[in-house]
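Please treat every number below as a calculation from the coordinates, not as lab data. None of the values given here were measured: they were computed from a predicted structure. Backbone-built Cβ (ideal geometry, glycine too); neighbour counts: all protein chains shown.
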Amino acid sequence: MADNIDQIKREIESFAAETREELENFRLRFLARKGIISRLFDELKLMSSDERPAAGRKLNEIRKLAEERFDYLKSELEKKSAQSAPETDYTLPARTKATGHENIILQTLGEFVRIFREIGFKVTEGPELEDEFHNFDALNTPEHHPARDLQDTFYILNKFNNKKYLLRTHTSPVQIRTMLANKPPVRIVCPGKVFRNETVTPKNYFMFHQVEGLCVDENVTMRDLKSVLSYFFRKFYGENTRTRFIPSFFPFTEPSAQVDITCFICRGAGCKTCKNSGWLEIGGCGMVDPNVFEAVGYDPEKYTGYAFGMGIERIAMMKYGIPDIRILYGNDIRFIEQF
């Protein structure tokens, strides 16, 4: 055994490890449970009691030598690895994480809501999946009205009862839910997604965003409606923006009006955007029909109110000169980063 110990000692002292794999081979050969030194300790059992103490001391010295050699080789490898690593250039600018931002639709929607909040309107929201009562019946839209046909509305198959459900076609159901849950006065704006069963074109999409407003109280008049919308458009498009109201028709308002503003591109002189008219159509409005008040339990003899609605995509497209609504939903990073 003495000859073997001397040979193992020389091998340990001369062992070199240039890689982590070679260092691991050293550990497995000399220090592992089934390595050379462990096997020699097992052979101590076969030696006489006189020879065993001296052999045991030599084996302990060999094991200590192997452990020290292993630690030395490991530290040398770590030093080489640290020296070969590239130095950090502390003069370089810090790395920044790319952060997202709201797209142009949400930016426009947020600006709308902010302006109406400034003049006392509360923001309310409601479900996108609606029933016929809230979406049509309570809004004075009779069963025979063409807006309820399948070509305009996404109806949802319902196997549980006879009640029809649909993807809301406007955010007006939020107004109905608010009036059913609250007594006058009511002063709200209702932003959100709406859905129409329409062919996708550069000007139309099957989904878009609306902001609708409602004000109900005693002695509310058309003059109040005009003053609120005129204030809003001056804040949104500039102080020189003029507003006009053209008679129109909506089932849930009477009288009803189409809202136009002076073209913010040509300032009323006439251009391609406004088709040389000097005016841009923005949305619809009117005084709440008494039938709507009766549907929600309001006394139409005591209360009056006005309502208005505008499409966010249309306004964003006009303001920023976007020719095709599909671009807003195309997820083209080149477009998104412009806003």
- Query: Which of the peptides 30-38, 203-211 is most tightly packed, and how do the rest follow, going by the mean number of other Cβ atoms within 10 Å of each residue?
  - Reply: 203-211, 30-38
- Straight distance only, please: which lysines reach the Cα of K80 with their own Cα at less than 29 Å, same-chain residues fewer than 8 apart left out? K9, K64
- Query: How many angstrom lie between the C-alpha centres of region 1-43 and region 261-339?
  - Reply: 84
- Query: Say each of F41 and R117 gets a label point 7 Å from the Cα, pointing the same way as Cα to Cβ; how far apart are those two points in nm?
  - Reply: 7.2
- Query: How far is it, in nm, from the label point at H145 to the one at F206 when both lie 7 Å from their Cα along the line to the Cβ?
  - Reply: 2.4
- Query: Under 28 Å Cα-Cα from K183, which lysines qualify once same-chain neighbours fewer than 8 residues away are excluded?
  - Reply: K122, K163, K164, K193, K226, K302
- In what sequence, highest mean first, do 223-229, 43-49, 304-310 appear when ranked by Cβ atoms within 10 angstrom? 304-310, 223-229, 43-49
- Query: What angle, in degrees between 0 and 90 and rounded to the nearest 10, separates the Cα long axis of helix 2-14 from the longest principal axis of the Cα atoms of the chain?
  - Reply: 40
- Query: Picking from P173, P53, P127, which is most flexible by a Gaussian network model of the chain using Cα springs under 10 Å?
  - Reply: P53
- Item | Exposure proxy ranking, count of Cβ atoms within 10 Å, fewest first, for C285, C215, C271 | C271, C215, C285
- Please work out how much length the chain gains when fully extended from R95 to N162, using 0.36 nm per residue of separation minus the C-alpha to C-alpha distance, in nm with one decimal. 18.2 nm
